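This report concerns only the one structure given below.
Every read-out reported here was derived from the displayed coordinates using simple, explicitly stated rules and does not represent laboratory data. What you are looking at is a predicted structure, and each value in this text was computed from that prediction instead of being measured. All Cβ positions, glycine included, derive from the backbone under ideal geometry; neighbour counts span all protein chains shown.
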Amino acid sequence: MTELFNDDDFDIPDAAVGEEFDLDSLRASSARAGSMFDEDMEDADDLDMTLISDTGSASAFSLANFSPGQRLVLALLLLFDFIAIAVGILVVTGRL
């Protein structure tokens, strides 16, 4: 059997002796990453507010949003769920 990983795949290079931990560059890169995250969240908040204003509420789930065919499929799936649960209970109790 061939090996998927070699020992060289997991080697972590050692830091040079003269190389010190550069805290300033770490702070600068963290600030850049933080500002990019803030910009992304502002876009998401704008999108959420647009969706809320279009639908009138934050929770827009309603059966009125479905077409009659989709409502029929949902009703059939719900019926099959009840039948499956009933059969499962009958099997567990030993009556079937």
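Working note: Karplus 6.51/-1.76/1.60 with θ = phi - 60° gives region 72-77 the couplings 5, 4, 4, 5, 5, 5 Hz, where Gly and Pro are set to x.
Under the simplified labelling scheme, the Ala60-Leu77 pair shows an inter-label distance of 1.9 nm, with each label point 7 Å from Cα along Cα→Cβ. A DSSP coil position with no more than 13 other Cβ atoms inside 10 Å describes the following chymotrypsin sites (Phe, Trp or Tyr not before Pro) in region 58-96: Phe61, Phe66.
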